[in-house]
Amino acid sequence: MEKAPPDASSDDCRRGEGGPDTRALERALRFIEYRPRSAEEIRERLRRWGYDADIANQVILFLEAAGIVDDSEFARLFMNELLRKELGYYRIRSELQKKRLNRDLVEEQMASYPIEKETERACAVAERRLERVSGEDSLAAQKKISKYLVRRGYSSHVARAAIRLAARVDTQTGRELE
């Protein structure tokens, strides 16, 4: 009969000299192998696995001191990924907040958001969506594209402007949206 592995609260969990619980650290390292994580995501996962708050905090402090976990770098990389997906300002802010990043860090990242290109980015998305709604009447197509842009985090004002711009671009090819 196999012996079950010790759980997170077991006395068998090893602790290094003044360092974090070894088993908790190993689990945290495996957790961040898949993709970068924020410190709070790691802390929450350790708590879900049954480690107490002190152990979770020690692991986070160790990972931060070792340069393995860096919330500001994580926020920058994550924001770049969201920009690549052509999400709008509001959706990007929401996604950063979902990662439980520090409010100041979210504000710092949002300050670097290229707001001056928001309409241009939304227009590019709207142009691609035009191809999917071909054959529908103009008003229905506008509404669909507008709702899509708003779901992706663009304001309704930006969505309307992007649709107007996309219609002009598409008119050159013979398809009229408005």
Apart from one, (1) within 30 Å of Ile145 (Cα to Cα); (2) touching a helix residue (DSSP H, G or I) at 6+ places or on another chain (Cβ under 6 Å); (3) not in a helix (DSSP H, G or I) all hold for Tyr51; the odd one out is (1)
Restricting attention to segment 38-64, the residues that are in contact (Cβ under 8 Å) with a residue 40 or more places away in the chain and either of a type in the set (Ser, Thr, Tyr) or within 19 Å of Val106 (Cβ to Cβ) (or both) number exactly 5
A careful count of residues in segment 90-137 that are part of a helix (DSSP H, G or I) and either aliphatic (A, V, I, L, M) or touching a Gly at 6+ places or on another chain (Cβ under 6 Å) (or both) gives 14
Checked against (1) assigned to a helix (DSSP H, G or I); (2) modelled with pLDDT of 90 or more; (3) surrounded by fewer than 20 Cβ atoms within 10 Å (Cβ to Cβ), Arg168 satisfies every condition except (2)
By residue number, the members of segment 117-148 that are basic (Lys, Arg) and more than 28 Å from the chain's Cα centre (by Cα) are none
In segment 104-146, anything touching a residue at least 12 places away in the same chain (Cβ under 8 Å), of a type in the set (Asp, Glu) and closer than 16 Å to Arg76 by Cα is listed as Glu108
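The values are calculated or read from the model by the stated rules, or taken from the named source; none is laboratory data. Since we're looking at a predicted model, the values are computed, not measured. Note that we place each Cβ from the backbone using ideal geometry, even for glycine, and neighbour counts take in every protein chain shown.
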